[in-house]
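Beneath this line is the structure, given in C-alpha cells, with notes to follow.
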C-alpha cells in the first residue's frame, strides 16, 4: 500500500505560485484571528463601561459634578466622551450669555453628533479588514486551486500513460489552497457579522442616551431662561 502524502508534504511540493497563495491566506487568517480577539475584548470593555456609566448617571448625581470629575481624565471615549462633549458645549454656550436656548441646543446636538460619529468609527476598527478577508479569501484559494490543477493537467502531456496516481498529488495540493481559503474566510465572516451586530446595538444605546441627555439639557436651558 503506497504511503499517503501529508498536508505538509503537499504544501512543500506545490508550485511556487500556489505556495505564495497559501502563504497569503495563512497570514490573512492569522491577522483575522488577532483582530477577532481584539474586537471581542474591546467591545466587551465598551459594553461594561457603558453599563457602569449609565448606572452612575441615573443615580441622581449632579451633572455638573459628574462633568467636573470626567473632565479631568484624558482620552475619554465611549459614552463618557459623548457626555463630556455635549455638556462641555452646553456650558461654553451658556457661559457666553446666549439667551437663545434653541441656539444652545443646536450646538449641543452638533457636538454630540460629532462624538457619535467618532465613536462609531472607533467601534468599527478592523471590521472592514474582516469583511475583505471573508469575501476574497475563497476566491484567492480558488485561484491557487485552478492554477495547481492546470499545472497537473499540463504535466500529463509529458507522460506516455496517464494514471490517477500521477495527477492525484498535484490535484490534492491544489485543493489545499481552497481549504485554506475557506479556513481564512469562515472565521472572518462570522466575526464580522457578530461584531457588526454588537456595534449596531451599542450605537443604538448611544443614540438613546444622547436623546435623553439632550432632553435633560433642553429642560435645564428653559428653566434657566
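Each value in this text was obtained by applying a stated rule to the coordinates, not by laboratory testing. Predicted model, so just to flag it, every value in this text is computed and none were measured. Backbone-built Cβ (ideal geometry, glycine too); neighbour counts: all protein chains shown.
In this calculation the C-beta distance from residue 118 to residue 68 is compared with R0 = 30 Å, giving a FRET efficiency of 0.85. Working from the Cα coordinates of region 44-96, the gyration tensor eigenvalues give, after taking √(5λ), semi-axes of 21, 13, 9 Å in decreasing order.
Each Cα pair under 8 Å and six or more residues apart adds its sequence gap; the mean of these over the residue count of region 46-133 is a relative contact order of 25 percent. Note on residue 132 and residue 175: their simple-model spin labels are 3.2 nm apart, each label 7 Å out from Cα toward Cβ. What the Cα atoms of region 183-224 give is an Rg and a Dmax of 18.2, 61 Å. Each peptide in 69-77, 125-133, 201-209, 181-189 receives the mean, over its residues, of other Cβ atoms within 10 Å, and ordering these scores from highest gives 181-189, 125-133, 201-209, 69-77.
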